[in-house]
1. So which residues in segment 396-417 are part of a loop (DSSP other than H, G, I, E, B) and under 20 Å from GLY350 (Cα atoms), if there are any at all?
2. Would you point out which residue out of THR404, THR430 is buried (at least 20 other Cβ atoms within 10 Å of the Cβ) and either of a type in the set (A, V, I, L, M) or at pLDDT 95 or above (or both)?
3. Given the conditions (1) under 26 Å from ASN306 (Cβ atoms); (2) part of a helix (DSSP H, G or I), report the number of the one that GLN156 does not fulfil.
4. How many residues does segment 155-171 hold that are within 16 Å of the ligand (Cβ to nearest atom), more than 12 Å from ASP101 (Cβ to Cβ) and touching a residue at least 40 places away in the same chain (Cβ under 8 Å)?
5. How many of the residues making up segment 275-334 are at positive phi and aliphatic (A, V, I, L, M)?
6. Is it the case, given these coordinates, that SER460 is modelled with pLDDT of 95 or more and either buried (at least 18 other Cβ atoms within 10 Å of the Cβ) or at positive phi (or both)?
7. Suppose we filter ASP203, ASP250, ASP235 for residues that are away from the ligand (no atom under 16 Å from the Cβ) and within 25 Å of HIS103 (Cβ to Cβ); which single one remains?
8. Give me a count of the residues in segment 97-128 that are in contact with a Phe, Trp or Tyr (Cβ under 9 Å, 6 or more places away or on another chain) and either more than 16 Å from the ligand (Cβ to nearest atom) or outside any loop (DSSP other than H, G, I, E, B) (or both).
Amino acid sequence: MKVLIAMMSHETNTFSPVPTPLTRFGAGRNPAEGPAALSQARGKRSTMSGMVHVADAIGAEIITPIAAGAPPSGPVHDDAYAYMTDRIVSSIGDCDAILLDLHGAMVTQSLEDGEGALLSRIRAMRPDVPIAVGLDMHANLYPAMVENATVIAGYQTYPHIDMFETGVRAAQVLIDSMAGKVTPTMVWGNAPMLPHVMRQGTDDFPNRDLQRRVKEMERGEALVASLFTGFPHADIYNAGLSVVIVTDNDEAKARELRDELLEMAWQNRKSFVYKLEPLADSVGRANDAAESEGNGPVILLDHYDNTASGGSMDTTEVLREILNQGLEDVAAFGIFDPDAVETMIDAGVGSEVTVSLGAKFHLDALEAQSKPLEVTGTVRLISDGAFTVTGPMGTGATMNMGRTVVLDTGKVQIVVISRHVEPYDLGCFTSLGIDPLRKRFLMLKSRIHYRATYKAIAKSIIECAGVGVCTSDYDQLTFKHVRRPIFPLDNLNSDTFREGFPQD
Ligand SMILES: [Zn+2]
């Protein structure tokens with residue numbers, strides 16, 4: 001059996017000023033192709049790795065035209081999208097099955113639904129080829145994705161620590177169907193709601209309970225069940241929460257399960273709404289939190305500006321407040337500022353420097369802009385910025401922060417980076433000689449993914465509202481394209497929701 005396996009993964013924040021050329025999909029280079037793409041996936045924990053694992057187990061011949069994954073940012077450049085999709089489509093030939101590791105929230109300069117357009121193109125070429133798709137929990141689902149795939153499986157954890165398992169779930173059902181063991185029957189639907197990302201973690205109600213029910217369905221009535229919380233920082237028609245159910249040839253059951261999950265999400269829609277607190281108040285609670293019982297650092301979460309949701313990673317307001325309020329023994333990750341990095345590398349380790357940090361991106365989508373932060377400190381360490389992830393998320397992958405400098409003000413050690421990276425692994429500090437367990441405070445530009453490793457070592461978490469395109473205040477964003485009405489942009493009070501299910 002000949003199986004095509006490819007990855008084309010991007011979560012697009014349409015409010016983000018960060019550009020998305022082809023090189024963003026390959027950590028500064030073009031993404032891996034052919035045998036290099038296969039060896040990049042083999043033995044790792046990505047969704048594509050799970051698909052390769054299933055194909056290896058049946059001794060399939062594997063073709064891997066491309067493995068392209070970029071950190072979230074603005075709309076994908078049209079030429080990058082054309083390149084990646086052409087690579088996949090031109091490699092299909094006479095393959096017997098197609099396994100795709102997609103994200104499900106790719107917006108290009110010209111398309112709202114990058115994945116649906118790719119799947120439609122493949123389906124037009126090969127109407128009968130079985131196609132399995134693995135998606136992120138933040139997928140914004142469109143009809144073209146479901147209509148042109150045989151099986152779709154989504155992550156069931158956030159932070160995402162089940163990428164590999166998602167690839168296995170999608171691929172295994174497809175292989176079983178080709179062996180005549182099952183007949184996948186897929187339905188989907190969405191609800192008019194945009195859950196706040198900060199309220200989507202699977203440690204927390206309601207997504208904890210929703211995903212628990214999803215897993216229960218998979219142990220019995222469904223071959224695959226997925227509830228997508230969706231990605232609200234995309235001003236596109238179908239942004240928001242959706243459900244896909246695959247049963248063994250039982251469409252009525254699939255609809256019943258789908259409706260149960262959508263109804264459950266809808267009933268709990270208010271629990272998906274994030275409550276705001278002024279920045280000065282949040283940082284003002286930090287010293288008391290550090291004095292309280294328990295071990296480990298207090299985490300100050302700069303959650304309006306995280307890489308994994310498309311943030312510019314260079315806004316300075318939370319760091320400025322930390323400096324203004326005089327917090328001591330802080331390590332901050334991180335500020336994206338390649339120019340400042342070069343200036344500090346030129347100065348050399350041990351030099352005292354004064355640099356203007358951050359706020360290089362203009363945030364067109366926001367009224368509130370970040371301001372550069374002038375900081376004086378000592379260049380403590382210079383690094384090439386690459387390390388191997390040891391935590392549960394993306395285990396074994398190389399994280400590449402680009403050239404990186406630790407700037408030490410005496411009270412705060414600031415990590416200044418040259419590539420966009422979310423701090424979901426302790427290596428973001430330990431690779432730079434900073435022991436995060438021994439700091440009084442950690443400032444992290446993250447929303448939920450930091451929980452994969454930092455939650456276990458933290459004494460407590462303080463969520464800090466700075467400035468950035470990942471804002472949890474929807475009032476700061478202008479939505480023009482998302483379908484209306486939608487909660488909580490619109491106040492929808494209907495207790496039972498039945499209108500949003502027409503898509504199958
Ligand atoms: Zn995600």
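1. The initial filter retains those residues of segment 396-417 that are part of a loop (DSSP other than H, G, I, E, B), namely 396-397, 401-403, 409-411.
Within segment 396-417, ARG403, THR409, GLY410, LYS411 meet the criteria.
2. Details: THR430 fails: buried (at least 20 other Cβ atoms within 10 Å of the Cβ).
One residue alone meets the criteria, THR404.
3. (2)
4. 7
5. Taking segment 275-334 as the starting set, the residues that turn out to be at positive phi are 294, 296, 310, 313, 326, 329.
With the extra rule that they be aliphatic (A, V, I, L, M), the set shrinks to 313.
So the count comes out to 1.
6. Values: modelled with pLDDT of 95 or more: yes; either buried (at least 18 other Cβ atoms within 10 Å of the Cβ) or at positive phi (or both): no.
No; evaluated as a whole, the condition is false for this residue.
7. Details: ASP203 fails: away from the ligand (no atom under 16 Å from the Cβ); ASP250 fails: within 25 Å of HIS103 (Cβ to Cβ).
Checking each option against the conditions leaves just ASP235.
8. Summing the residues that are in contact with a Phe, Trp or Tyr (Cβ under 9 Å, 6 or more places away or on another chain) and either more than 16 Å from the ligand (Cβ to nearest atom) or outside any loop (DSSP other than H, G, I, E, B) (or both) in segment 97-128 gives 12.
The values are calculated or read from the model by the stated rules, or taken from the named source; none is laboratory data. What you see is a predicted model; the values in this text were computed from it and never measured. FYI the Cβ positions are ideal-geometry reconstructions off the backbone, even for glycines, and counts take in every protein chain you see.
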